[in-house]
1. Looking at region 65-81 only, could you name the residues that are part of a strand (DSSP E or B), surrounded by 15 or more Cβ atoms within 10 Å (Cβ to Cβ) and among the polar types (S, T, N, Q)?
2. Tell me yes or no: at least one residue of region 31-51 is closer than 21 Å to TYR110 by Cα, open to solvent by less than 50 Å² (accessible area, probe 1.4 Å), in contact with a strand residue (DSSP E or B) (Cβ under 8 Å, 6 or more places away or on another chain) and acidic (Asp, Glu).
3. Can you name the strands (runs of 3 or more DSSP E) wholly within region 1-64 that have at least 2 residues being over 13 Å from ALA97 (Cβ atoms)?
4. Considering (1) surrounded by 14 or more Cβ atoms within 10 Å (Cβ to Cβ); (2) free of Cβ contacts under 8 Å to residues at least 24 places away in the same chain; (3) out of contact with any Ser or Thr (no Cβ under 6 Å at 6 or more places or on another chain); (4) not acidic (Asp, Glu), say which one TYR95 fails and leave the rest.
5. In region 85-122, how many residues are part of a loop (DSSP other than H, G, I, E, B) and out of contact with any Phe, Trp or Tyr (no Cβ under 7 Å at 6 or more places or on another chain)?
Amino acid sequence: QVQLAESGGGLVQTGGSLRLSCAASGRNFIRHVVGWFRQAPGKEREFVSAISWSGGSTFYADSVKGRFTISRDNAKNTVYLQMNSLKPEDTAIYYCAADRNVVTRSPSGYDYWGQGTQVTVSS
């Protein structure tokens, strides 16, 4: 069982930066892949980024590639999402998710979810 808690969201102007954190508790988190997803009002939850359990492989949606960076510190049981050059279309609730299987871009591939953190980018 893994529990996840996101933090770091907030209100930022276009072009600004935020760093989201996903803190995990529970056993064997180091063996879990972690994904970040986001959901804007009236839209489906969409994949943003993911990282393998070792941190050696990372994946990004085309819409955030080059602007967002995912990383993890397994000693701290924490995964980060550094978001730079933010745009109004990045506004959403951001969720982290974890699973013991291989990385996937589908929300259905993750068993454990956090409660989400709101990111709002003003124009």
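The values are calculated or read from the model by the stated rules, or taken from the named source; none is laboratory data. Everything numeric in this text was worked out from a predicted model, so none of it was measured. Cβ coordinates were reconstructed from backbone atoms using ideal geometry, including for glycine residues, and neighbour counts include every protein chain displayed. Surface accessibility is based on the protein's heavy atoms, side chains included, excluding ligands, DNA and RNA. Shrake-Rupley method; radii C 1.70, N 1.55, O 1.52, S 1.80 Å.
1. THR69, THR78 - these are the residues of region 65-81 that are part of a strand (DSSP E or B), surrounded by 15 or more Cβ atoms within 10 Å (Cβ to Cβ) and among the polar types (S, T, N, Q).
2. Going through region 31-51, the residues closer than 21 Å to TYR110 by Cα turn out to be 31-40, 43-51.
Pick out the ones that are also open to solvent by less than 50 Å² (accessible area, probe 1.4 Å) and you get 32-38, 40, 47-51.
Next cut, in contact with a strand residue (DSSP E or B) (Cβ under 8 Å, 6 or more places away or on another chain) only: 32-38, 40, 47-51.
Keeping just the survivors that are acidic (Asp, Glu) gives none.
The answer is no; no qualifying residue exists.
3. Details: elements: 2-7, 10-13, 18-26, 33-39, 46-51, 58-60.
Where strands (runs of 3 or more DSSP E) fall fully within region 1-64 and carry at least 2 residues being over 13 Å from ALA97 (Cβ atoms), they are 10-13, 18-26, 58-60.
4. (2)
5. Count: 12.
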